[in-house]
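The values are calculated or read from the model by the stated rules, or taken from the named source; none is laboratory data. Predicted model only: the values in this text are computed from it and were never measured. Neighbour counts run over all protein chains shown; Cβ positions are idealised from the backbone, glycine included.
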Ligand code: PEP
Ligand code: MN
């Protein structure tokens, strides 16, 4: 439910509504939308007489959102969410390119990669220090050491840092180094992790689960929002299908559909989405044409020798070519009606 207020509601009236919610142990989410103020009501209101609010000065109506995902929906917020991180924006027509290795392997490698991806136009350095590996015998990531290398390299080349958090226990540590906390596909429905990330104070990049429907995906984002985080970037990274020639199947449909249903920015990750180097560029570009607000690409100085996901990683030349064509596609997109 949200409370729709009259145009030009004063601070005093607004605070009275917020106080009512607080006194009834309810949270609130305030947005200004189309010249009206909407106050989303968070929490269990089953024992609260919400109709009392109708007698409050400035309250227009109480609107129950029909969808199961509420505050991430366009019904609640018409305009695109724009997330600004250290002066860089994503959403609402602002494009963000994230690139880097699958895993942070060593200091030298991440510095080399940061330098090259920056040169080609990336704004964010990606890389895992805590890796979700299918086999417990595979490289699990460098942990804090990897985070340090990544932060130093990003600072040197003026990049932001996005990295995965697998366990809520690690949120404080990873928050010290990263600008965006990533929830991996395997954790999309780890609701206790999502709840904790609700109040982490950092933007979250939420990847679509391997077998998550679009509704499941939006509901996972709803968790983050209901627990206090409004800075959410969605990521379409492919889903499991019967196809075996690619690692996953990128659900291109999801991008324009999510843009219809939600105000949140969404990016395309064609590296994990396809699992094949030769498909990364065309599918990234397809995602951008479909409406993605950004892209994530795995890049390695020597993909053949990468510790993980080398087969889907681009080398520097391949990434440069991708960014050149991406620029063309972004220009073309501006001209589309
Ligand atoms: C990653 O981006 O490093 C990753 C593991 O991706 P996903 O969670 O989409 O598999
Ligand atoms: Mn990877």
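Points worth noting:
- Identification of strands (runs of 3 or more DSSP E) wholly contained in the range 36-101 with 3 or more residues that are over 29 Å from residue 128 (Cβ atoms) yields 36-42, 59-63.
- Here 327, 301 are screened, and the one residue that is touching a helix residue (DSSP H, G or I) at 6+ places or on another chain (Cβ under 6 Å), away from ligand 1 (no atom under 13 Å from the Cβ) and at pLDDT 95 or above is 301.
- Of the helices (runs of 4 or more DSSP H) lying entirely inside the range 235-323, those containing at least 1 residues that are surrounded by fewer than 20 Cβ atoms within 10 Å (Cβ to Cβ) and away from ligand 2 (no atom under 15 Å from the Cβ) span 254-261, 277-289.
- Residue in the range 79-96 that is within 16 Å of ligand 2 (Cβ to nearest atom) and touching a strand residue (DSSP E or B) at 6+ places or on another chain (Cβ under 6 Å) present: no
- Among the candidates 68, 73, 135, the residue that is within 16 Å of ligand 1 (Cβ to nearest atom) and either free of Cβ contacts under 8 Å to residues at least 60 places away in the same chain or not assigned by TED's automatic domain parsing to the domain that holds residue 307 (or both) is uniquely 135.
- Flag if residue 117 is assigned to a helix (DSSP H, G or I), surrounded by 16 or more Cβ atoms within 10 Å (Cβ to Cβ), in the same structural domain as residue 194 (by TED's automatic domain parsing) and in contact (Cβ under 8 Å) with a residue 24 or more places away in the chain: yes
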